[in-house]
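Reviewing the structure listed below.
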Amino acid sequence: MDRLETIGSILAEEAWRYPIIAGLASIPFTLALQTLAADNYILAPVLVAGSFVGYLFRSRPPESRRVGWRTGLVGGLALSWGLAGFSTRVPETARTASTGAFMLVGLAAVGVVYIVLYGALGALGSIAGAWMGNRIDRLRAPASSN
């Protein structure tokens, strides 16, 4: 029961709730675009999701980068679909058990690198979203008369 309470308390915080929602929302777009693009990794959905949360958290600069990072990491879970597909091919291509184990470890390492890359893209998107939000706020602010 303690784990459920912990998950509930994490989701109650805006700094976790929005990145999880935005990151999960980017996954279907990433998978769809990746399927259409054939062999190209599509990074735009995570970048857009990161800019969205960066816009929401623009008044808190360190927090906006952190939520962008979290959004990217959650959105990077889309790669687990492709990694699972590759891992099913390992027994077909590996000649020995040690080769198969080495291939699986290498595949996991590549997956971690790509998920970290997606996290960095989410953080980059959040920086851009916060910048755009601040510019929009300045344009909307009434001119002060001296």
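The values are calculated or read from the model by the stated rules, or taken from the named source; none is laboratory data. No experiment lies behind these values; they were computed from the predicted model shown. Cβ coordinates were reconstructed from backbone atoms using ideal geometry, including for glycine residues, and neighbour counts include every protein chain displayed. Calculation scope for accessible area: heavy atoms of the full protein, side chains included, ligands and nucleic acids excluded. Shrake-Rupley method; radii C 1.70, N 1.55, O 1.52, S 1.80 Å.
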Worksheet item: Just a yes or no: is a residue in segment 84-104 touching a residue at least 24 places away in the same chain (Cβ under 8 Å), open to solvent by less than 50 Å² (accessible area, probe 1.4 Å) and part of a helix (DSSP H, G or I)?
Response: no
Inset, instruction - Would you be able to say whether some residue in segment 80-87 is under 25 Å from residue 137 (Cβ atoms) and not small (Gly, Ala, Ser)? - result: no
Residue hits (segment 114-146; loosely packed, with under 12 Cβ neighbours inside 10 Å and in a helix (DSSP H, G or I)) are 135, 137, 138, 139, 140
Residues of segment 10-24 being among the hydrophobic types (A, V, I, L, M, F, W, C) and open to solvent by less than 50 Å² (accessible area, probe 1.4 Å), in sequence order, are 15, 20, 22
(1) part of a loop (DSSP other than H, G, I, E, B); (2) at pLDDT 90 or above; (3) not β-branched (Val, Ile, Thr) all hold for residue 51 apart from (1)
Considering segment 8-26, residues that are at pLDDT 90 or above and farther than 12 Å from residue 67 by Cα, and then whichever is farthest from the chain's Cα centre (by Cα), we arrive at 25
If we keep only residues of segment 41-75 that are surrounded by fewer than 23 Cβ atoms within 10 Å (Cβ to Cβ) and β-branched (Val, Ile, Thr), then the residue farthest from residue 126 (Cα to Cα) is 42
